[in-house]
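Q: Supplied in structure tokens, the structure appears directly below.
The values are calculated or read from the model by the stated rules, or taken from the named source; none is laboratory data. Note that the coordinates shown come from a computational prediction; the quantities given were computed from them, not determined experimentally. So basically every Cβ, Gly included, is an ideal-geometry build from the backbone, and we count neighbours across all protein chains shown.
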Amino acid sequence: AVVALSALAPYFSDGVLSLFVTHAIESLRASRSIPRKFGPYLKTLAPFILQPVSAEELEDQMAAADEDDERDPQIDEVREAALVALEACLASCTSDMLPYTSDIIEAATRFLKYDPNYADDENDDTMGETQSDEEDVDAFGEDEDFEEETGFDDEDDVSWKVRRCSAKLLYTLISTRGSGDLLEDGTLYTRVAPALVARFREREENVRLEVLSTLASLVRKTGDGATAPGLHGSEDANHIAMGPPSRKRRRGGSDAGMSDPYSSVLLSNGSSSPKPPPPQTGPQASLAKMVPEIVRGVSKLLKMSTLPTKQAVMTLLKDIVIAQQGGLSDYASHIFDPVIEIMKTSNSHIGSSAAVGNSVRVEALQLLGVIAESHPSQTLQPYLGRVIPALRVAAKEKYSKVSSEAIGAIEQYIKALTPPRSSGVGQQNAAYLENLYDVIVHRISAADTDTEVRQHAIHALGLLIGRTSGSQSSAFIVPSKRKEGLDLLSDRLRNELTRLASVRAIEDIALHAQKRAELPPEWVRSVSLELGVQLRKASRSLRGASLSALRRLAANPASRENLDDATITELVKLLIPLLTDNDLHLLGPALVILGTFAQDRARIVMNEEVINAVCFIVKTALSGGALDALLASVKTFGEQGVGQPLMQALLKNVGIGGNPDLLGKVIGTLLVSGGSTVGVKLNDFVNELNAAQDDQRKCLALSVLGEAGLRMGSASPLPPQMFMSQFSSRSEKVPLAAAVALGRAGAGNISTYLPAVLSTMNQSRQYLLLHTVREILQHNEAEADILPYSKTLWEHIIAASQNEDNKAIGAECIGRLAIIDPKVYLPQLQTFLNDRQTSVRGMVISALRFTFADTDEAYDENLRPIVVEMLTTMLNESDLENRRLALTTLNSAVHNKPGLIVPHLGQLLPLATKETMIKPELVREVTMGPFKHKVDDGLELRKSAYETLYALMLTAFSRLSLPELYDRVVAGVGDDHDIRILCILMLTKLITLAPEETVRRLDSLAEHFRVILSTKSKDNAVKQELEKSTETNKAVVKASVLLNREESRTKAGESPRVWSEYWEWVRKEFPTLIRGAEDELKAVGDNGRR
């Protein structure tokens, strides 16, 4: 058939030939459904597809049209088909299309402005730069070809389809390549963005919308990593206070959880005035340079175009604000008035256009909100007289989506109008706030208010009352209205539908309250008890939010001083059920609250129930923030002189039955803080250590003495030798407990302990003393005292770590020492990466992991110049185990330092991705008796590589190449059990993150899933193999259910044939697993809604 067609082609008429070429190019869309198979053929096919959209072809066609005085319209159909085919190939075969990137950009930008029936002066844009904005808009309005309602009315002109396909092609280019080289090297901003901005004058609305959408996509790619404003969120996003321990904070003493909870939250309550950082080099700087031209172009569209175009323009402006965290201060006059006018005019639409009008108003409100959130108050001030009335009108809108967004925007203007963002009160600002207060209260109280709108209004009321607290509170809101608002919140707290929103509003008030007189004692006591009651509810989110709000009330002196003894007594009773290890997220805040109450009323808090609860807790494996909170509370009990009953209970009722390390910390803390009031002395535990015969008693005594030495500091009478003498014990536990206790005591008295440790490391016990050193280095308050010994310590650690048994603990010590003095030791770590010994390089790779996990943002500046080079060196390691460690280190960096890693993914990601591939040279056959089986030495390496890909998918999804990521995920489904389970988990995430690509991959997934489900366990399979098989089948069926739901939801035509056949087979063969998966998914959905 192909030969016959080629022979007939010379005899085709122009029309027949055009139809044939169009059909052939359209057939190339098959690349979307079979990208892996189709990709290799693009070397031959891509030049053929590019030919109809080449510059030579266009010149020839234009010359022929000039000669014939008419243009063949079918030529445009061929070009449209070619551009569509290019888009399909680019989306599905990204890596295969890399050699044609420049040709694609040239073709897309060339035909983006292709409009043969319209003579446009190409100099208009440059001339406009010298005109005033008013003249520019007038000139724009006089353009007869820019039709507001109908566009160009030439029915025979289909060139707009070519322009639209060009814009779509650029959109796909940005989607697939906008996270790497093309964005970083400036190609997208030098070659693509100017072409898009120039087409703001596009006369056909369909094309104009595609142009705006494409430019918005580029802006979003530029701003990846910037936090989108959350208009309805609490200022403290984590309403379950004191969650799992932060991985960026080393232990700073045992009472870090309660040092000053009130002042610490005020430092991070989001109240500072936003100051957009200056653009950095790269894409951000390129975007900043283009903003003036973009704003000049869109300001015309905001005033004159149709509603869909105006909505697209506001979306683009919103994306610019989010990407730059501001950046429109100089152009506010071009934005506020048109946006407010749009809100007024779109409100007048009725019938079918009402939905469009509401959608436009929602977009306008979101834009106003993000501008208020990310720009200084001075920028907003001139426009408040028009913005505030518009927000009030929108907040009263019956359509809930509009009123909800209006309340969200109102929250941002409340923040902008109140201290510290707005200095001074100002009569006008006070009037604005009073107006906002009235509309918020109206929306809460009105019977016809939608539940979601009422919830948002409640939160806004809490924010308004809280932010207007202080010496000038009465100038913002009169006392009578403040009391009215507090009573309204108290009332809504008792309503099931508004309870959670009220809890969070009360938390905001407690967070900001500055004067005791602002919060009536009756109100504080009432809401505190109601919050305590909520701790027994089934909803975990409500329990967590209530506990967080109660913690704020307890931490803030302005509210705590209004609590009486009876209220605190009742609250203590309500908190006791949380003092278990069932939920550590709730245990920590509950202990903080008890410790805070104990500062003023220790004897009320220290009752028998609390003592029994503490005794139970010390029998568990507590750590992190919950441990810090426990020790802080115990310290307060001791300082207030009520620790003796607790000490007696710990010694008699728990004793050796508890967790020795945890119990020792608690007793040691209570012993030092309580002094003579606790009934026991330090020497009692020294005598216990010397006299005890069993290991448990010795370990407990050592733990107590270590914690006591830490807290006593230089006043400690305990000599280092007392701990070292226990190293010779024949017990397995006592020497290690002694080493840890020695380190803990040494952290409090470096000058006495560290020289003794160093002198002993030269002789023996290196493994134990490395544990001691690690414990010393974990306490950041000792850093200054450690520095004089750092050089000697570094040398001893390096020498001791040469032993294979010491390598892991030595690596941690090296990493922690590099944290203390990064300027000296990070370069040395970098040097050691080129050491000839494999073990030394592996130790350094492991050490670097701790510099990622246990440091804060200030440390990043030390890592920034060298981290990418070091990671690249690690990932190119020749040793298999070292490469696995390198991937683990990269994984840690992605989790903890994404800002350092994500910009360089183009360099690091290929090194990680290649390790996900099965390498035949690492698979060997092992003979065991009469049997032979294969051993894959690269399995652990692949596991680490996939774990790194998973971390990158969660952290920097938009910077990954989606086709390449999916290729590896699909390949992993057919790999070992552990990799397969992880890849199926990644698939369930990708269903939400990339639904279109997911649907395109259904057939290949169906093939893998069918193979897995068809595999039967052997008759002689062991229990572990059967459990793995069952787990895999459940995971596959659950993923299949989710994938089929997505396929049904996005179905635009026939379902993929292979997937349809597979799904019918699964439904027939595995009905029980399908029902189980559906029930599990339904239960998860119900829990999420609760």
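Q: When you scan the range 393-402, do you find a residue that is within 20 Å of residue 367 (Cβ to Cβ) and of a type in the set (Ser, Thr, Tyr), even just one?
A: Yes, the range 393-402 has at least one match.
Q: Sort through 789, 767 and tell me the only one that's surrounded by fewer than 22 Cβ atoms within 10 Å (Cβ to Cβ), among the hydroxyl-bearing types (Ser, Thr, Tyr) and either out of contact with any helix residue (DSSP H, G or I) (no Cβ under 8 Å at 6 or more places or on another chain) or under 21 Å from residue 726 (Cα atoms) (or both).
A: 767
Q: In addition: Return the residues of the range 558-571 that are under 22 Å from residue 469 (Cβ atoms) and surrounded by 14 or more Cβ atoms within 10 Å (Cβ to Cβ); say none if nothing qualifies.
A: 558, 559, 560, 562, 563, 567
Q: Taking the condition assigned to a helix (DSSP H, G or I) and within 22 Å of residue 697 (Cα to Cα), does residue 610 pass?
A: no
Q: A follow-up question, please. Take residue 373 and decide whether it is in a helix (DSSP H, G or I) and crowded, with 18+ Cβ neighbours inside 10 Å.
A: Values: in a helix (DSSP H, G or I): yes; crowded, with 18+ Cβ neighbours inside 10 Å: yes.
When the stated conditions are applied, residue 373 passes them.
Q: Tally up the residues in the range 491-517 that are over 15 Å from residue 463 (Cβ atoms) and part of a helix (DSSP H, G or I), please.
A: 5
Q: Assuming residue 699 fulfils every condition listed in (1) over 24 Å from residue 663 (Cα atoms); (2) modelled with pLDDT of 90 or more apart from one, which condition is it?
A: In the conditions (1) over 24 Å from residue 663 (Cα atoms); (2) modelled with pLDDT of 90 or more, residue 699 misses (1) alone.
Q: Limited to the range 28-56, what total is found for residues that are more than 18 Å from residue 166 (Cα to Cα) and either at pLDDT 85 or above or of a type in the set (S, T, N, Q) (or both)?
A: 3
Q: Could you tell me which residue of the range 800-837 is farthest from residue 769 (Cα to Cα), considering only residues that are of a type outside the set (Ser, Thr, Tyr) and free of Cβ contacts under 8 Å to residues at least 24 places away in the same chain? Before the answer, list the steps.
A: Narrowing the range 800-837 to residues of a type outside the set (Ser, Thr, Tyr): 800, 802-824, 826-830, 832-837.
Imposing the further condition that a residue be free of Cβ contacts under 8 Å to residues at least 24 places away in the same chain reduces the set to 832, 835-837.
Values: 832: 23, 835: 25, 836: 27, 837: 24 Å.
The extreme case among them is 836.
Q: Next question, about the same structure. Report every pair of residues separated by at least 6 positions or lying on different chains whose Cβ atoms are under 6 Å apart, first residue within the range 684-713 and free of Cβ contacts under 8 Å to residues at least 12 places away in the same chain, second in a helix (DSSP H, G or I).
A: Pairs that qualify, where the first residue is free of Cβ contacts under 8 Å to residues at least 12 places away in the same chain and the partner is in a helix (DSSP H, G or I), are 692/698.
Q: Here's something else I'd like to know. If residue 421 satisfies every condition in (1) more than 28 Å from residue 448 (Cβ to Cβ); (2) touching a residue at least 40 places away in the same chain (Cβ under 8 Å); (3) assigned to a helix (DSSP H, G or I) but one, which is the exception?
A: Among (1) more than 28 Å from residue 448 (Cβ to Cβ); (2) touching a residue at least 40 places away in the same chain (Cβ under 8 Å); (3) assigned to a helix (DSSP H, G or I), the lone unmet condition for residue 421 is (3).
Q: Just to check your reading of the model, which residue among 770, 793 is in contact (Cβ under 8 Å) with a residue 40 or more places away in the chain, assigned by TED's automatic domain parsing to the domain that holds residue 827 and at negative phi?
A: It is 770.
Q: Working only within the range 432-448, note down all residues that are of a type in the set (Gly, Ala, Ser) and either assigned to a loop (DSSP other than H, G, I, E, B) or surrounded by fewer than 13 Cβ atoms within 10 Å (Cβ to Cβ) (or both).
A: Selection gives 446, 447.
One line per residue, one yes/no per condition, for (1) within 22 Å of residue 1061 (Cα to Cα); (2) of a type in the set (D, E, K, R); (3) assigned to a helix (DSSP H, G or I):
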{"residue": "963", "(1), (2), (3)": "no, no, yes"}
{"residue": "975", "(1), (2), (3)": "no, yes, no"}
{"residue": "978", "(1), (2), (3)": "no, yes, yes"}
{"residue": "987", "(1), (2), (3)": "yes, no, yes"}
{"residue": "1013", "(1), (2), (3)": "yes, no, yes"}
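Q: For residues that are touching a Leu at 6+ places or on another chain (Cβ under 9 Å) and either in a loop (DSSP other than H, G, I, E, B) or closer than 14 Å to residue 220 by Cα (or both), tally how many sit in the range 320-341.
A: The qualifying residues number 6.
Q: Could I ask something else about it? Looking at the range 277-298, which of the residues that are touching an Asp or Glu at 6+ places or on another chain (Cβ under 8 Å) and at pLDDT below 90 is surrounded by the most Cβ atoms within 10 Å (Cβ to Cβ)?
A: 283
Q: Does the range 521-539 include one or more residues that are surrounded by 24 or more Cβ atoms within 10 Å (Cβ to Cβ) and within 25 Å of residue 662 (Cβ to Cβ)?
A: No, the range 521-539 contains no residue that is surrounded by 24 or more Cβ atoms within 10 Å (Cβ to Cβ) and within 25 Å of residue 662 (Cβ to Cβ).
Q: While we're on this one: Condition check: surrounded by fewer than 16 Cβ atoms within 10 Å (Cβ to Cβ) and without any contact (Cβ under 8 Å) to a residue 60 or more places away in the chain. Does residue 934 satisfy that?
A: yes
Q: Separate question: Filter the range 543-582 down to residues that are outside any helix (DSSP H, G or I) and in contact (Cβ under 8 Å) with a residue 24 or more places away in the chain, then give me how many there are.
A: So in the range 543-582, the residues outside any helix (DSSP H, G or I) come out as 556, 561-564, 579-582.
When the remaining residues are screened for being in contact (Cβ under 8 Å) with a residue 24 or more places away in the chain, the result is 556, 561-564, 579-581.
The qualifying residues number 8.
Q: Do the conditions hold for residue 633, that is, is it crowded, with 21+ Cβ neighbours inside 10 Å, closer than 16 Å to residue 669 by Cβ and of a type in the set (S, T, N, Q)?
A: When the stated conditions are applied, residue 633 passes them.
Q: Additional query: I'd like the full set of residues that are assigned to a helix (DSSP H, G or I), within 35 Å of the chain's Cα centre (by Cα) and not hydrophobic (A, V, I, L, M, F, W, C), limited to the range 458-490.
A: 459, 462, 466, 467, 485, 490
Q: In the set 951, 994, 1006, which member is more than 30 Å from residue 1058 (Cα to Cα) and touching a residue at least 12 places away in the same chain (Cβ under 8 Å)?
A: Sole residue among the options that is more than 30 Å from residue 1058 (Cα to Cα) and touching a residue at least 12 places away in the same chain (Cβ under 8 Å): 951.
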